[in-house]
C-alpha cells in the first residue's frame, strides 16, 4: 500500500545558518530562531548551475502560494571563483529574480553543516527547527508542495505554526535601457536586436549600441504570443537571423531561444509579432517525451540518449534552450539545449526537432553523437567551413561539432571541476564558464570568457592551436556579435554591466595571461577502500516506481582519475553498488548519475502523472584506511 504522506528523515535539529552575509533581508542577519514557526526550505545553489536555476523556477509558485507560512532561504555555495565575489552574487540574485533571503556561504560552512553533496540540494526544516527531508537535484516541486502542506496542517494543529510575513526585503533595481542582456544579433538595417533577459523582452537599439529603438514583449515574465505589447518572454537568450530564403515562407525573421519558457519563438520584425514555434512551455525532464510519436514512426516511449528521431516541434518539451545558430550543412537551426546537456536541431519548415548529439549526461566526453557528453552548452557559432563551435559552460571548454557526422571534438578545457585563466597552447589553456563564441573568417574563434570577464581568441595551428586574451575587465560577457562591414571590431554583450561594448580586434595575437588554474573546492569525503554506495530514493506521496518502459531506476558510476575505481564502475539498474578503490591513487572524484521514474499509484487514474528524479553527483573523495565504508546519496521523488 502506497503512503499518502511525503517521506521524512528522522527528526534532527537543524544547524545554524552561518556565512559571510545576507542578501534580500534589508541588511539584517537571519537565524533559525527568527524562522521558528515557519516551514523552511534551504535551497543550496550556485548561480552557474542550470539545474539550480530550474529549481528556482520550480519554487516560485510554491513560494507565492505559501508565503505566509513558508520561508525559502537560498544558501549560495559557489563552484567557480567568480561566484564567490559578493558583487557578482548580488547581481545574480537580481538577475534571476530571487524573491527570498539568500545566505552568502563562500566557504561552504553551512553546506558542510547540512552535508550537501550536490548542486542543487533542498533541505526542509519544520516549524520547530528540525530537519525532516533532504533532496538532491531538480524536479522535486511535487514532493516539496506535499511536504509543506503536511507540515502546515500538522503544526497548525499543534499551535507551533506562525503565520505572517517572513524576513524577505525586496531590493530596489535601478532603471536601465538593457537589463542583464544575454545575446544580440545585428539586423539588416544595422541596428541590433538584444535578448534583454532581465526585462523578459527583446530590445532593439540603434547602430550605436545604446539608443533605444523599440521593445518587443510586454516586459512581464510569461509565455504569450502576439504583438509587441502583448507577447511575453521569460529570460530569453540566444538569437539567430532566419536565412533570407526562408523568411517569407516561415513568416518570421528571428528565432529566439526563450530559455525559461523552454521554447523557441519566431519574431516578425515588420510588426514585432511573436509566435511559439517549438516547445510546449514545460520543461523536458530526462526520460520523458510524454507519449509523443516520432514523425518517422516508431515507439512513443522515452528514448534517453538516442539521436536521429524527428519529433513534432510544438508537442515536445524542451529544456532551457540557451542559443541557436543556422547550419547550412544541416539545413536546420542548431539549438544548445543547456538544460539537459545536449544539442538539437530545429527544422522550421518541417516543424520538427531532432536530438543531434549528447547523452544527457553532464561532463566532457568527445566522440560520436551517442557518446558525447556536454555540460550546459550555452553559445554557438558556425564557421566558414560549416563547423559548429560551442561554449560548453560548466566544463569551461571550447568545443566543435562536425555536421558531417555529428562528432564532437574539444579544443580547450578538461572537465567539470578544472578552470582558470591561462593562455598558451590550447591543450593546457583554461577558461571559466564561457557563454559565447564567434567564429572569425580567418578560422580563429572568439570566446566570451564570462566568469573571467575576458575576451579570448583561439587560433588554429600545430598541436591544437593557441589561446590568447584580447580584453579583460568586462562585466560577465555573455554574447558576441561580428558587425557587418566592420571586420576590425566585435560587439560584446556585457551582461552584468547592462550594455553592449565595441572592442577592437588586434591584427596580431593578443596578450598572454597566466592567472593560474583552479579546481572546484568542496569538502573531501574520506572513505575506505571497499565502499557500499547507496542512492536512497522514495517516490513522492501517491506515487510508485514506474517500470512500464523497462527498469524504473538506473545508476552510473565512474571516477576521475579512472584508476581510482578498481571495481564498481559502469551502468546498472540497481541504486546500490559495491565500490573498490585503489589506495595507491589515493584521491579523486566519484561521478555518480542516478535516475528513478515514478508515476501515480492509483490504478483508477486514466492518465497518470509521471516524474523522473535525476541527479549527477561529483563527490571528491580521499581513500583512508579505516574510514567510512558507506556512501549514501539522497534522491527523492
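The values are calculated or read from the model by the stated rules, or taken from the named source; none is laboratory data. Since the structure is predicted, the reported quantities are computational estimates derived from the model, not experimental observations. All Cβ positions, even for glycine, are placed from backbone atoms using ideal geometry, and neighbour counts span all protein chains on display.
What's the total number of residues in the range 554-592 that are free of Cβ contacts under 8 Å to residues at least 40 places away in the same chain, within 14 Å of residue 525 (Cβ to Cβ) and part of a strand (DSSP E or B)?
Qualifying residue count, the range 554-592: 2.
Looking only at the range 40-97, count how many residues are over 15 Å from residue 147 (Cβ atoms) and assigned to a strand (DSSP E or B).
Of the residues in that region, 6 qualify.
Quickly run through the range 169-201 and pick out the residues that are assigned to a strand (DSSP E or B) and either over 15 Å from residue 322 (Cα atoms) or without any contact (Cβ under 8 Å) to a residue 60 or more places away in the chain (or both).
186, 192, 193, 196, 201, listed by residue number.
Residues in the range 236-259 that are closer than 16 Å to residue 182 by Cβ and surrounded by fewer than 24 Cβ atoms within 10 Å (Cβ to Cβ): how many?
Total meeting the criteria: 2.
Quickly run through the range 270-292 and pick out the residues that are assigned to a loop (DSSP other than H, G, I, E, B), surrounded by fewer than 19 Cβ atoms within 10 Å (Cβ to Cβ) and modelled with pLDDT of 75 or more.
270, 271, 281, 282, 292
Return the residues of the range 591-606 that are farther than 17 Å from residue 631 by Cβ and touching a strand residue (DSSP E or B) at 6+ places or on another chain (Cβ under 7 Å); say none if nothing qualifies.
Those that are farther than 17 Å from residue 631 by Cβ and touching a strand residue (DSSP E or B) at 6+ places or on another chain (Cβ under 7 Å): 595, 596, 597, 598, 599, 600, 601.
Can you go through 41, 87, 93 and tell me which one is buried (at least 23 other Cβ atoms within 10 Å of the Cβ) and within 27 Å of residue 173 (Cα to Cα)?
Checking each option against the conditions leaves just 41.
Quick grid of which residues meet (1) over 28 Å from residue 394 (Cα atoms); (2) at pLDDT 80 or above; (3) buried (at least 16 other Cβ atoms within 10 Å of the Cβ); (4) over 29 Å from the mean Cα position of the chain (by Cα):
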| residue | (1), (2), (3), (4) |
| --- | --- |
| 499 | no, yes, yes, no |
| 502 | no, yes, no, no |
| 506 | yes, yes, no, yes |
| 512 | no, yes, no, yes |
| 517 | no, no, no, no |
| 547 | yes, no, no, no |
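What is the one condition in (1) crowded, with 23+ Cβ neighbours inside 10 Å; (2) in contact with a helix residue (DSSP H, G or I) (Cβ under 7 Å, 6 or more places away or on another chain); (3) under 18 Å from residue 53 (Cβ atoms) that residue 141 does not satisfy?
Unmet for residue 141, out of (1) crowded, with 23+ Cβ neighbours inside 10 Å; (2) in contact with a helix residue (DSSP H, G or I) (Cβ under 7 Å, 6 or more places away or on another chain); (3) under 18 Å from residue 53 (Cβ atoms): (1).
Does residue 299 fit the bill of being surrounded by fewer than 19 Cβ atoms within 10 Å (Cβ to Cβ), closer than 21 Å to residue 276 by Cα and modelled with pLDDT under 95?
No: the conditions fail for residue 299.
Looking only at residues in the range 416-471 that are assigned to a loop (DSSP other than H, G, I, E, B) and touching a helix residue (DSSP H, G or I) at 6+ places or on another chain (Cβ under 6 Å), which one is modelled with the lowest pLDDT?
416
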